[in-house]
1. Looking at Ser109, Ser148 in this structure, which one is more than 24 Å from Ile27 (Cβ to Cβ) and crowded, with 20+ Cβ neighbours inside 10 Å?
2. Any chance region 188-199 includes a residue that's of a type outside the set (Phe, Trp, Tyr) and without any contact (Cβ under 8 Å) to a residue 60 or more places away in the chain?
3. Just for region 418-453: of the residues that are part of a helix (DSSP H, G or I) and of a type in the set (Val, Ile, Thr), which one is farthest from Lys387 (Cα to Cα)?
4. Please specify each residue of region 240-275 satisfying the condition of being touching a strand residue (DSSP E or B) at 6+ places or on another chain (Cβ under 6 Å) and of a type in the set (Val, Ile, Thr).
5. Can you tell me which of Gln352, Gln416 is under 30 Å from Asn302 (Cβ atoms) and touching a helix residue (DSSP H, G or I) at 6+ places or on another chain (Cβ under 6 Å)?
6. Can you pull out every residue in region 310-321 that is crowded, with 24+ Cβ neighbours inside 10 Å and either polar (S, T, N, Q) or assigned to a helix (DSSP H, G or I) (or both)?
7. Restricting attention to region 361-385, which residues are part of a helix (DSSP H, G or I) and of a type in the set (A, V, I, L, M, F, W, C)?
Amino acid sequence: MSITSTDPKAKITIAGAGPVGSTLAIILARANYEVNLFESRADLRKQKAYLGKSINLVLSDRAWSALKELDLEQEVKSLAIPLYKRLIHTVNGELKSQNYGNNKQALWSISRNQLNECLLSHAEQEQRVNIHFEQRLHHLDFNTSCASFINQQERPYQQREIEADLLFAADGAYSKVRRLAQETPRFSYSQNYMEQSYIELTIPADAQGKHQLDKHALHIWPRDKFMLIALPNLDGSFTCTLFLQHQGNPSFQSLNSAEVINSFLQENFADVFPLLDNPVENILNKPENPLFLVSVNPWVFNNKIALIGDAAHAMVPFYGQGLNCSFEDCRELSALIEQHQHDWQKILPAYQAQRKVNADAISKLAISHFEEICQQASKEEFLLRKKIEDKFHSLYPDLWQPLYTMVSFSADIPYQQARKIGEQQKRMMDEIMCIPNISECWQQEFVYNKLKQLVEKIT
């Protein structure tokens, strides 16, 4: 069946009303589809505490491209704080600053909760969107896209059958739709855990309600196999995330007493330890959260059901691209609807073909970026390498964009292409870093002439 938005019976179900599901609902409603948006949790706008995962989100150009098309860019930016640089805190308390591209380029720190509330409210304002909270997906027919939901407010539970022409699974890293898909034929699925887990800590605002660290920076305390990061919030606080191995020494398992935790924090994070709110108690009592990445194939089933966002490509957060990639899913799906004139027999295969290879690429980049930050970011050789790249980029912007710039600030470059170019750049920079006394002569013209020759050989 080929449905179109001009068909008054064309209905689409979305499972999951997080940032991705809400954004997708707006896109589909504006394309004249009737949308039923289901969420297993209660309406977060009516709750005092947010019960979902709470790592602060980082938005960059790929997210802004999607939000701009929905005329939501400026409203969302009003809820976010621009981060113009990365500040590395060494063990001895020294600060090393690394700008994100030029002075106008920034990552944006935003509360997951506030972003979700904003997008939910806009989805609710669309006449063609109906939002249903506390509705848990129970069963899904992968041939018809008919789904049954259980109203969690009713006793005894009652199942509700929802018929639709299409269903999108935007239900996150622990997707129920994806779990049900494992019962379908020829569905490949893998979930790989990192050695590290995480817990969240907080730096509160000072007595005047101000930030106690530079609020326009992403703060990182890299310590080889573990690290702490801090992202600013609008209320003057910072949300801090401690990434640490699950087991070993040190690890969350080894931090099993107040004395051990206190010693660990004093030794590794002495400069920020006094600013943290009850860090010893929080580490001792909070459960650690796992870090994992998901790979599935296919994303599309019978051209009736499709995975999107974390349901399709949950990744580790170290490149800050998880939600950016998900919003890009939505933006490219919107473009495909227009390109193929609402013919979903063409839209969904094209969506999978375009998005999966790029999601796979950024997932791999996120893993390698963790290693780069933890093990290299504070080393002089790494910092010099970045200085040379930045200077060459300023001299020949058409020949060289650093990998981080391509990923975070160049929405027109697919992740897969950025990764391929990044691998080529690494090989060329390895050769440049082998120049004798490079730390002393790195600003001289011959260094950049040699790099230009290397680049021109492959272009």
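1. Of the residues listed, the single one that is more than 24 Å from Ile27 (Cβ to Cβ) and crowded, with 20+ Cβ neighbours inside 10 Å is Ser109.
2. Yes, some residue in region 188-199 is of a type outside the set (Phe, Trp, Tyr) and without any contact (Cβ under 8 Å) to a residue 60 or more places away in the chain.
3. Ile421
4. Answer for region 240-275, where residues must be touching a strand residue (DSSP E or B) at 6+ places or on another chain (Cβ under 6 Å) and of a type in the set (Val, Ile, Thr): just Thr241.
5. The conditions single out Gln416.
6. Passing the criteria: Asp310, Ala311, Ala312, His313, Tyr319, Gln321.
7. Answer for region 361-385, where residues must be part of a helix (DSSP H, G or I) and of a type in the set (A, V, I, L, M, F, W, C): Ala361, Ile362, Leu365, Ala366, Ile367, Phe370, Ile373, Cys374, Phe382, Leu383, Leu384.
Listed here are the residues, each with its yes/no results for (1) assigned to a loop (DSSP other than H, G, I, E, B); (2) in contact (Cβ under 8 Å) with a residue 12 or more places away in the chain; (3) hydrophobic (A, V, I, L, M, F, W, C).
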{"residue": "Gly236", "(1), (2), (3)": "yes, yes, no"}
{"residue": "Leu244", "(1), (2), (3)": "no, yes, yes"}
{"residue": "Asn249", "(1), (2), (3)": "yes, no, no"}
{"residue": "Asp277", "(1), (2), (3)": "yes, yes, no"}
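The values are calculated or read from the model by the stated rules, or taken from the named source; none is laboratory data. Quantities reported herein were computed from a predicted structural model and do not represent experimental measurements. Cβ sites come from the backbone with ideal geometry, for glycine too, and all protein chains shown count toward neighbours. In case anyone asks, the SASA skips ligands and DNA or RNA and just uses the protein heavy atoms, side chains included. Shrake-Rupley method; radii C 1.70, N 1.55, O 1.52, S 1.80 Å.
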